[in-house]
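Participant: I have a structure I would like to understand better, so I am pasting it below and will then ask my questions one at a time.
The values are calculated or read from the model by the stated rules, or taken from the named source; none is laboratory data. From a predicted model like this one, the values you see are computed outputs, not experimental measurements. For neighbour counting, all protein chains shown are included, and Cβ atoms are generated from backbone atoms with ideal geometry for every residue, glycine included.
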Amino acid sequence: MTDTLIVIQAASGELGKSDLSAVGFGLELASAAGGQLDLLLLGPGAEAQAGPAAALGARQVFTMGGAELETYTAEVFAGATAFFLEGRSYRCVGAATNSASREYFPRLAAVLDAPMASDVLEVESVDPDRAVFTRAVFVGNLLATVELEAPRVLVTCRASEFEPPPSSEAAPIEAVDAPGGLAHPGKAFVGIEAATSDRPDLKEADIIVSVGRGTRGPEEGIPLCERLADVLDAALGATRAVVDAGWMANEFQIGQTGKIVAPEVYIAIGLSGSIQHLAGMRNSRTIVAINKDPEAPIFEVADFGLVADLFDAVPELTAALEKRSG
Amino acid sequence: MKLLVTLKRTPQRDARIRIAEGGDSLDLDNIQFEVNPFDELAVEEALRIRETLGEAEVVVVTVGGEESQQQLVSAMAMGADRAVRIDGGGTLDSLQIARALAAVAAREEPDLVLSGKLAVDDECGQVPAMLAGLLGWPQANQASSIELSADGASVTVVCEVDAGLETLRLDLPALVTADLRLNEPRYASLPGIMKAKKKPVEVLAIEELCDPGATRSRVTGFRALQEKPPGAILGSVDELAEVLVEKKLI
């Protein structure tokens with residue numbers, strides 16, 4: 001019982017940045033426990049993603065697809081992972097924190113009767129009967145040390161805190177048949193409404209331009225920020241106030257509710273920096289803030305601040321950067 | 001119809017939490033407590049469902065000591081009909097709490113369990129999904145809308161997921177967790193507060209309900225975030241553009 005399993009939700013498309021980071025996290029867990037790492041890819045993209053996943057330093061890659069796994073539901077994913085784990089011994093079972101693992105991992109923990117640590121930032125140690133992690137509490141204002149005492153533990157990680165592993169020799173790939181009857185008879189997936197955008201995804205982007213209430217909405221300041229984002233090939237993010245006002249969709253929200261990001265550069269425009277928002281972006285490599293209020297809390301975490309009216313500063317900055325990039 | 005809402009007593013949302021000397025606990029001496037804000041959304045949603053139906057019972061439940069009584073009363077002041085407090089004694093982990101709540105659900109046989117998506121203190125967000133797993137019920141997480149079907153046999157739930165808005169249909173009994181945009185909780189009215197004092201609170205020892213098992217997850221220490229050195233306030237847009245380019249940030 002020293003090995004680690006990382007479960008990856010393999011929708012269609014390629015492995016995401018947070019999947020790669022989850023593998024990096026898995027290698028840390030395996031090394032802390034003195035064992036090896038296996039990967040389990042679940043979903044319609046499992047087969048296509050298995051090749052690239054096999055070159056990340058794992059001992060073995062397992063895939064599970066089929067009709068019931070075509071669409072993600074918590075019940076099916078918890079059931080599929082529990083089925084896979086039958087007769088297999090892992091010290092740690094992990095995944096990246098996302099809206100799926102936030103629900104199916106605790107469900108799985110209950111089914112397996114295993115303790116769980118959510119959204120950890122660091123792996124402190126993994127001994128045979130004790131695993132110790134660091135995680136953020138109180139809206140990211142404090143760090144807590146969490147100890148799990150059990151021979152098998154579940155743990156999700158904040159992907160932005162872990163590095164994708166270097167590529168390595170290809171590991172063997174094995175397809176596992178999904179058992180029937182995973183779907184809960186009382187649950188139906190009706191549909192998903194997702195905004196389509198040509199800009200990079202928030203979780204993948206190196207640069208994020210994030211807009212606050214100070215932009216005064218889609219008729220006024222937001223198009224200026226979008227223009228800046230396009231020049232920088234940046235993703236667009238938003239505060240809760242912007243989403244609550246209906247100016248941008250929920251999937252753009254950064255913060256305690258919404259996404260937690262840590263890009264190379266985070267450009268905060270017209271947002272004051274509530275503690276809930278800071279919790280979602282404070283670990284960005286470089287933070288730039290543009291706000292006309294010099295007292296705005298965002299300046300306390302900013303590496304570079306500009307006290308200015310965004311309606312002047314953002315178009316000027318866009319023009320200046322356009323000129324420099326030639 | 002019966003609605004069961006789980007809630008947790010948490011420090012007030014704007015409270016400044018300090019680490020106690022020694023670093024292994026928090027200094028909560030002068031901190032005010034309230035119903036976890038996400039659980040408050042769940043209470044509000046249950047009350048709205050009751051209002052839509054005209055008739056339903058809203059039961060609130062918490063796992064905690066004597067001090068949690070106040071938060072049950074707050075929920076009843078908003079309009080919940082009665083409360084159950086499970087006295088756990090000592091530190092319980094998420095799975096133990098979920099087991100106790102599952103035992104209450106088995107006794108109460110609610111049609112719908114509503115919870116906050118997470119508690120703002122430990123931010124684990126584990127208990128609701130563990131509870132759904134123990135009960136074997138369908139679950140929906142991070143709901144921004146819940147609609148009961150005309151025949152009262154199912155709910156259609158819109159969930160805020162990473163990719164956008166996902167719509168699910170759950171046959172009852174089911175468990176749904178509340179996200180920020182689900183509703184705006186009401187304030188308790190003065191008559192509501194008066195009435196709440198007379199509403200029943202059943203107190204049960206956890207051992208009366210279930211074998212909670214051992215505590216296997218513990219917080220053993222706290223530390224503050226590393227202070228970040230203050231950043232530079234720049235004088236002009238040109239300066240900012242220069243810094244971004246020079247430092248190869250873009």
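Participant: Would you confirm whether any residue within the range A:258-276 is within 8 Å of chain B (Cβ to nearest Cβ), touching a residue at least 24 places away in the same chain (Cβ under 8 Å), crowded, with 22+ Cβ neighbours inside 10 Å and part of a helix (DSSP H, G or I)?
Facilitator: no
Participant: Among the residues of the range B:76-86, what is the count of those that are in contact with a Leu (Cβ under 6 Å, 6 or more places away or on another chain) and surrounded by 24 or more Cβ atoms within 10 Å (Cβ to Cβ)?
Facilitator: Count: 2.
Residues checked against (1) farther than 30 Å from A:Ser12 by Cα; (2) in contact with an Asp or Glu (Cβ under 8 Å, 6 or more places away or on another chain):
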| position | (1), (2) |
| --- | --- |
| B:Leu148 | yes, no |
| B:Glu160 | no, yes |
| B:Leu172 | yes, yes |
| B:Ile193 | yes, no |
| B:Glu239 | yes, no |
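Participant: Next up: Here's a check for you: in the range A:51-68, which residue that is surrounded by fewer than 23 Cβ atoms within 10 Å (Cβ to Cβ) and in a helix (DSSP H, G or I) is nearest to the other protein chains (Cβ to nearest Cβ)?
Facilitator: Result: A:Glu68.
Participant: As an exercise: evaluate A:Leu317 against (1) at the interface with another protein chain (Cβ under 8 Å from one of its Cβ atoms); (2) under 23 Å from A:Phe162 (Cβ atoms); (3) crowded, with 21+ Cβ neighbours inside 10 Å and give the number of the one condition it does not meet.
Facilitator: All conditions pass for A:Leu317, except number (2).
Participant: Suppose the filter is crowded, with 24+ Cβ neighbours inside 10 Å and either basic (Lys, Arg) or in a loop (DSSP other than H, G, I, E, B) (or both); does B:Gly125 pass it?
Facilitator: Answer is yes for this residue.
Participant: When residues of the range B:160-192 are filtered for being within 11 Å of chain A (Cβ to nearest Cβ), in a loop (DSSP other than H, G, I, E, B) and farther than 23 Å from A:Gln256 by Cβ, how many remain?
Facilitator: 2
Participant: So which residues in the range A:185-244 are of a type in the set (Val, Ile, Thr) and assigned to a loop (DSSP other than H, G, I, E, B), if there are any at all?
Facilitator: A:Thr196, A:Thr239, listed by residue number.
The rows are residues; the columns are (1) within 13 Å of chain B (Cβ to nearest Cβ); (2) among the hydrophobic types (A, V, I, L, M, F, W, C); (3) within 19 Å of the chain's Cα centre (by Cα).
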position	(1), (2), (3)
A:Val123	no, yes, yes
A:Ser167	no, no, no
A:Ala183	yes, yes, no
A:Gly186	yes, no, no
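Participant: Still on this model: Provide a single number: the residues in the range B:193-227 that are touching a residue at least 24 places away in the same chain (Cβ under 8 Å), closer than 27 Å to A:Leu112 by Cβ and part of a helix (DSSP H, G or I).
Facilitator: 2
Participant: Taking the options B:Leu95, B:Leu118, name whichever one is modelled with pLDDT of 95 or more, within 30 Å of A:Val120 (Cα to Cα) and in contact with a Phe, Trp or Tyr (Cβ under 8 Å, 6 or more places away or on another chain).
Facilitator: Just a single option satisfies the conditions, and that option is B:Leu118.
Participant: Continuing with this model, one more query. A:Cys92 passes all but one of (1) surrounded by fewer than 24 Cβ atoms within 10 Å (Cβ to Cβ); (2) closer than 29 Å to A:Gly255 by Cβ; which number fails?
Facilitator: For A:Cys92, the failing item is (1).
Participant: Scan A:Asp119, A:Asp113, A:Asp129 and give me the residue that is over 27 Å from B:Thr177 (Cα atoms) and not assigned by TED's automatic domain parsing to the domain that holds A:Gly273.
Facilitator: Only one candidate qualifies: A:Asp129.
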